[in-house]
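Taking it in order: structure first as structure tokens, then the write-up.
The values are calculated or read from the model by the stated rules, or taken from the named source; none is laboratory data. Bear in mind that the values here come from a model prediction, so they are computed numbers and not experimental data. Every residue, glycine as well, gets a Cβ built from its backbone with ideal geometry; the counts of neighbours run over all protein chains shown.
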């Protein structure tokens, strides 16, 4: 049956708040920085920040930021009330830099490839950080992992995830625990020339100590060529990639769905697709396209089984949008405009969580068209929205 396309709509209830803002900082990319809920219900969110001057948009272009060593760091904020308030006035800096944190300057070949003791991933206070060393999403990277056994208060040494004959792998803080206790780690591989990013799954073995390749999520090449084109400009690292940034979720019926980002242009022409596995992540098939435009996407599985997808929308009017599926991600309802007051395309990368049976929350980076400071958009800061799913 054809999909009935209803006009986009605002939620009936929505509340926005600033989580963290500094006038001389560029805050960004929560989706790839880490988000957890521990055993006592505390929400823990990471994002990256660095000192910048908002004199012009040129100084905060992403290719320039990647070459800028102006004190980059990871900031951690926490919420104890389902995301209503956060400790952004007194955050933690570089939480992951504990014993052996971030590799502690070790060469990849010298890093351990397994945790030093058995891990029960069903313990709600066992948290995993899935990251990367050697850059980000390029032909020289290697996925890594760190472990907290105390709900995020402390973190152990970084381990290297074996490449297992892949050219390069990148971790993006995307994991899922199966009911049998196996941790699935969603990564993507990259070929030597930095092209053809391909989402894949690693699974925990050896009582949770180590991880090994299980399956690819998407085909080797896109048969439709939707990201084909001339992308020779080396400064544009993310243009024209069909599939990357995988994140998996388990539905009440045991099916695993994985959302991936697709794009032709990182400043707006991007969309989100869903793949499904009915054998615990061993094999995958295409399920649906969530939206016309908007990625990367974070999901919430509601108590009644509805799937809520939240994503940054980088075309004008830019902001944060959402869609709801009532059939496990096969089809999606009308688009929800959570907010459309962005000052430029440079926003999004949300993480999302359940607030109550009809309400979700999301944390993202943002810049406002109403900001008195404008440098190709307003000051990049961290915000959150809590809204109803009607």
Seminar exercise, completed: Within segment 145-162, residues within 21 Å of residue 194 (Cβ to Cβ) and touching a helix residue (DSSP H, G or I) at 6+ places or on another chain (Cβ under 7 Å) come out as 160
Problem set entry | segment 293-317, subset closer than 26 Å to residue 343 by Cβ and over 19 Å from the mean Cα position of the chain (by Cα), residue surrounded by the most Cβ atoms within 10 Å (Cβ to Cβ) | 315
Problem set entry | Residue match in segment 303-326 (condition: under 14 Å from residue 217 (Cβ atoms), touching a strand residue (DSSP E or B) at 6+ places or on another chain (Cβ under 6 Å), assigned to a loop (DSSP other than H, G, I, E, B) and touching a residue at least 24 places away in the same chain (Cβ under 8 Å)) | no
Exercise. Which one of the conditions (1) closer than 30 Å to residue 325 by Cα; (2) within 20 Å of the chain's Cα centre (by Cα) does residue 6 fail to meet, given that it meets all the rest?
Worked result: (2)
Exercise. Out of segment 193-207, which residues are within 17 Å of residue 240 (Cβ to Cβ) and outside any strand (DSSP E or B)?
Worked result: 193, 194, 195, 196, 197
Exercise. Among the residues of segment 368-379, is there at least one that is under 23 Å from residue 246 (Cα atoms) and either surrounded by fewer than 24 Cβ atoms within 10 Å (Cβ to Cβ) or free of Cβ contacts under 8 Å to residues at least 60 places away in the same chain (or both)?
Worked result: no
Exercise. Can you find even one residue in segment 264-286 that is closer than 28 Å to residue 179 by Cβ, surrounded by 18 or more Cβ atoms within 10 Å (Cβ to Cβ) and touching a helix residue (DSSP H, G or I) at 6+ places or on another chain (Cβ under 8 Å)?
Worked result: no
Exercise. Within segment 9-17, is even one residue at pLDDT below 95, buried (at least 16 other Cβ atoms within 10 Å of the Cβ) and in contact with a strand residue (DSSP E or B) (Cβ under 6 Å, 6 or more places away or on another chain)?
Worked result: no
Exercise. What are the residues in segment 152-191 that are buried (at least 19 other Cβ atoms within 10 Å of the Cβ) and at positive phi, if any?
Worked result: 152, 173
For this session: Check residue 34 against each of (1) within 21 Å of the chain's Cα centre (by Cα); (2) surrounded by 19 or more Cβ atoms within 10 Å (Cβ to Cβ); (3) closer than 27 Å to residue 372 by Cα and name the one condition it does not meet.
Result: (3)
